[in-house]
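K.L.:
What follows is a single structure, and I will ask about it in a moment.
Just so you know, all these numbers are worked out from the coordinates, no wet-lab data involved. The shown structure was predicted, so the numbers you read here are calculated from the model rather than taken from an experiment. Reconstructed Cβ throughout: ideal geometry from the backbone, glycine too, with neighbour counts over all protein chains shown.
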Amino acid sequence: MALLLEHQFRPLPADRQVETRPFLEYAIMLVEVVSFDIMQYCLGPTIFAPIKSDILANITKVKAVYDTNPGRFRTLQQILEVEKEMYGTQWPKVGATLALMWLKSLRFIQVFLQSLLDGEKDENNPNLIRVNVTKAYELTLKRYHSWWLQQLFRAALFAAPYRSDFLKALSKGREVKEEECLEKVKKFLINFSVTVDAIYEMYNKMNAEIDYRV
Ligand code: 0SG
């Protein structure tokens with residue numbers, strides 16, 4: 001958890017534009033470092049590896065576009081605007097616009113952590129996090145998933161760690177008080193949520209959201 005807090009998303013400027021470079025750097029850190037902790041302490045690599053490689057592929061795709069012209073693509077919105085011009089009717093289901101749309105699945109983490117923070121739990125099994133994971137899935141990824149991916153999710157749910165193990169994983173394996181860990185999650189979510197919300201707003205405003213299932 002210390003790592004999560006050491007590497008916060010930046011606060012957004014008044015115009016709520018998300019700068020591409022710091023966003024990508026943070027996303028890579030989140031996936032590489034934090035997912036490593038989570039894999040090591042609670043979720044097995046069999047479950048996490050495909051998720052991780054999918055997210056890293058999205059990041060790589062956005063970064064490849066950014067690297068062609070960092071000045072022109074300083075913000076994520078600039079990427080969408082340029083690609084909209086460039087791809088015409090193919091847009092938005094193309095290029096970095098599509099990769100970033102999938103990367104919006106960072107909202108899964110946002111909803112999941114917020115649900116933990118809000119104390120939502122299965123009263124009969126308070127140490128399970130299935131309620132929280134399911135909520136996050138239903139509000140974020142489910143609409144994009146075909147039947148078979150939804151079944152995969154249901155299967156993965158049974159491998160979800162216990163709440164206590166997950167909080168321990170966020171604390172890098174140290175035993176910490178639950179309140180202490182949740183307080184850190186709360187701080188982490190401030191900038192994280194603002195950034196993810198801004199990306200969602202941008203997709204809505206630019207009509208870049210796509211309704212389809214994989
Ligand atoms: C704590 C318990 C956690 C349980 C988590 C369960 C998660 C659900 C399990 C789902 C398994 C995901 C494996 C990957 C699935 C991918 O098929 C989908 C769709 O992928 C997109 O497909 C690509 O990402 C796109 O790449 S792009 O860069 O080129 O644009 C593109 O290929 C697209 C197809 O486009 S098309 O050809 O149609 O034009 N990916 C997902 O659903 C995202 C999964 C993210 C999960 C995040 C979970 C975080 C867990 C954190 C736990 C703390």
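K.L.:
Please tell me the relative contact order of the range 15-205 in percent, rounded to the nearest whole number, where contacts are Cα pairs under 8 Å and at least six residues apart.
P.N.:
Across the range 15-205, relative contact order equals 27 percent.
K.L.:
With θ set to phi - 60°, apply the Karplus curve 6.51 cos²θ - 1.76 cosθ + 1.60 along the range 115-126 and write out the HN-Hα couplings as whole Hz, x wherever there is a Gly or Pro.
P.N.:
5, 4, 5, 6, x, 6, 8, 7, 4, 7, 9, x
K.L.:
What list of ³J(HN,Hα) couplings, whole Hz, do you get for the range 10-25 from phi and the Karplus terms 6.51, -1.76, 1.60, once you set θ to phi - 60° and write x for glycine and proline?
P.N.:
Values per residue, Gly and Pro as x: 5, x, 7, x, 4, 7, 6, 7, 9, 6, 5, 4, x, 4, 5, 4 Hz.
K.L.:
Here's another thing I want to ask about it. Would you work out which of TYR137, ILE47, ALA64 lies farthest towards the positive end of the dipole of the chain? Charges go on Cβ: Lys and Arg +1, Asp and Glu -1.
P.N.:
ALA64
K.L.:
Which aspartates and glutamates have a Cα less than 19 Å from the Cα of LYS84, not counting those fewer than 8 places away in the same chain?
P.N.:
In chain and number order, the partners are GLU19, ASP67, GLU201, GLU209, ASP211.
K.L.:
In deg cm²/dmol and to the nearest 500, what is the mean residue ellipticity at 222 nm of the chain if only DSSP H runs of at least 4 residues count, each as -39500 (n - 2.57), divided by the residue total? Mind dumping the intermediate values first?
P.N.:
Details: 11 runs with 136 residues, N = 214.
Result for the chain, helices only: -20000 deg cm²/dmol.
K.L.:
If you place +1 on the Cβ of every Lys and Arg and -1 on the Cβ of every Asp and Glu, how big does the dipole about the Cα centre of the range 15-205 come out, in debye to the nearest 20?
P.N.:
Values: 26 positive and 23 negative charges, 64 e Å.
Dipole about the Cα centre, nearest 20: 300 debye.
K.L.:
Going by amide H atoms built from the backbone, whose H comes under 5 Å of the H on THR75, apart from near neighbours?
P.N.:
Sorted by chain and number, the residues that satisfy this are THR20.
K.L.:
A further question follows. List the aspartates and glutamates whose Cα sits under 17 Å from the Cα of LYS187, skipping any in the same chain fewer than 8 residues away.
P.N.:
By straight Cα distance, LYS187 reaches GLU6, ASP118, GLU178, GLU179, ASP197.
K.L.:
Multiply the residue separation of LYS186 and ILE210 by 0.36 nm, subtract the distance between their alpha-carbon atoms, and state the gained length in nm to one decimal. Working shown, then result.
P.N.:
Working: separation 24, 0.36 × 24 = 8.64 nm, distance 3.05 nm.
Full extension from LYS186 to ILE210 adds 5.6 nm.
K.L.:
Output the pairs from LYS52/LYS168; LYS121/LYS142; LYS135/LYS186; LYS104/LYS205; LYS63/LYS142 with a Cα-Cα distance over 23 Å in this structure; if there are none, say none. It would help to have the intermediate numbers written out before the result.
P.N.:
Details: LYS52/LYS168 20 Å; LYS121/LYS142 20 Å; LYS135/LYS186 18 Å; LYS104/LYS205 15 Å; LYS63/LYS142 26 Å.
Listed pairs above 23 Å: LYS63/LYS142.
K.L.:
Give or take rounding to whole Å, what are the principal axis extents of the alpha carbon atoms in the chain, in descending order?
P.N.:
Sorted largest first, the three principal extents are 53, 38, 27 Å.
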